[in-house]
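Everything below concerns the one structure shown next.
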Amino acid sequence: MTKILYINSNPKAVDQSFGLQLGQHFLEEWLKNEPDAEVETVNLYKEDIPLIDEVVLSAWGKFAVQAELTAEEAAKVGRMNEILEQFLAADVYVFATPMWNLSYPPLLKAYIDNITIAGKTFKYTENGPQGLLKDKTVVHVQARGGIYSEGPAAQLEFTNNYLQSIMQFIGITDYHHLFVEGMAATPDRAEEILAAAKEKASELAAQLTTSAQLA
Ligand SMILES: Cc1cc2nc3c(=O)[nH]c(=O)nc-3n(C[C@H](O)[C@H](O)[C@H](O)COP(=O)(O)O)c2cc1C
């Protein structure tokens, strides 16, 4: 049984968001193909996602010398550990992100900082850092008003490139993306663009559930 973690970094309601409609469609298609797959959602705008701040850095400094943490430090790194354990327990990660100002919502970066942890998801070796996660799959579902998958704005595409790079850094190479893009440029075609993206999402869900069954 596949455990899917749906990481939603969009504060909007689903019916107001192209990315969340696409993400939901992808999950529904996955469940059609694998009805007993388990989907857990992390709603970054509704949950406590600690930032790396003075308290966290102080706690990490104390780990190195085995010094005692303050109550505040213990609570914060405890919450970070919960987030990390939930991440480690999943097989498939579906990140739903909107493009905001050529980037993604800041809570997604905060989340990534909670799961990119030396000794847990990567380690330093003589040959440089090495990812520790094995047999995991990522699907990045992103809505963006302009078109970045081709054409002149392609060089401004940092979000998917970053997510793919950081996932690779922690060992995940089975990486897929689903974009719904260009709705701001051609608003009259928005529904058509979403419908085409949903078709791609159905195909990807079929492909990934088939390969999961063969594995
Ligand atoms: C704060 C903000 C910043 C945005 N910045 C960009 C941008 O840099 N490039 C772009 O193509 N669209 C940008 N957009 C448009 C969104 O990417 C677009 O509306 C997309 O559909 C949002 O995803 P959603 O529909 O899932 O919420 C921005 C929207 C907002 C609200």
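DSSP loop GluC sites (Glu not before Pro) in the stretch 113-161 with at most 16 other Cβ atoms within 10 Å of their Cβ, which ones?
Taking the stretch 113-161 and a limit of 16 other Cβ atoms within 10 Å, the loop GluC sites (Glu not before Pro) found are E126, E150.
What residue among Y45, V55, F95 has its Cα farthest toward the positive end of the dipole of the stretch 3-214, where the charges are +1 on Lys, Arg and -1 on Asp, Glu, each on the Cβ?
So the residue furthest toward the plus end is V55.
Per the Debye formula with a single identical scatterer at each Cα and no solvent contribution, what log10 I(q)/I(0) holds for the stretch 41-121 at q = 0.13 Å⁻¹?
Each listed q maps to, in turn, -0.45.
Taking the number of other C-beta atoms within 10 Å as the exposure measure, put K3, K198 in order starting with the fewest.
Ordered from fewest to most neighbouring Cβ atoms within 10 Å, K3, K198 come out as K3, K198.
What number comes out for the charge environment of D48, summing +1 per Lys or Arg and -1 per Asp or Glu over other residues with Cβ under 12 Å away?
Taking every Cβ under 12 Å from that of D48, the sum is +1.
Debye sum, Cα scatterers, the stretch 126-215, no solvent: what log₁₀ I/I(0) at q = 0.10, 0.12, 0.23, 0.24 1/Å?
So the normalised log intensities work out to -0.35, -0.48, -1.16, -1.20.
Of the peptides 182-191, 114-123, how do they stack up when ordered by the mean number of other Cβ atoms within 10 Å, highest first?
Final packing ranking: 114-123, 182-191.
With N residues in the stretch 3-214, what two-decimal value do you get for its Cα radius of gyration over 2.2 N^0.38 Å?
Ratio of Cα Rg to 2.2 N^0.38 Å: 1.09.
How much net charge surrounds T70 when only the other residues with a Cβ under 12 Å from the Cβ of T70 are counted, with Lys and Arg +1 and Asp and Glu -1?
Within the 12 Å Cβ shell, the charges total -2.
Rule-based calculations on the coordinates, nothing more; no lab input. Being a predicted model, the structure only gives us computed values, none of them experimental. Counting neighbours? That spans all protein chains shown, and the Cβs are built from the backbone with ideal geometry, glycine included.
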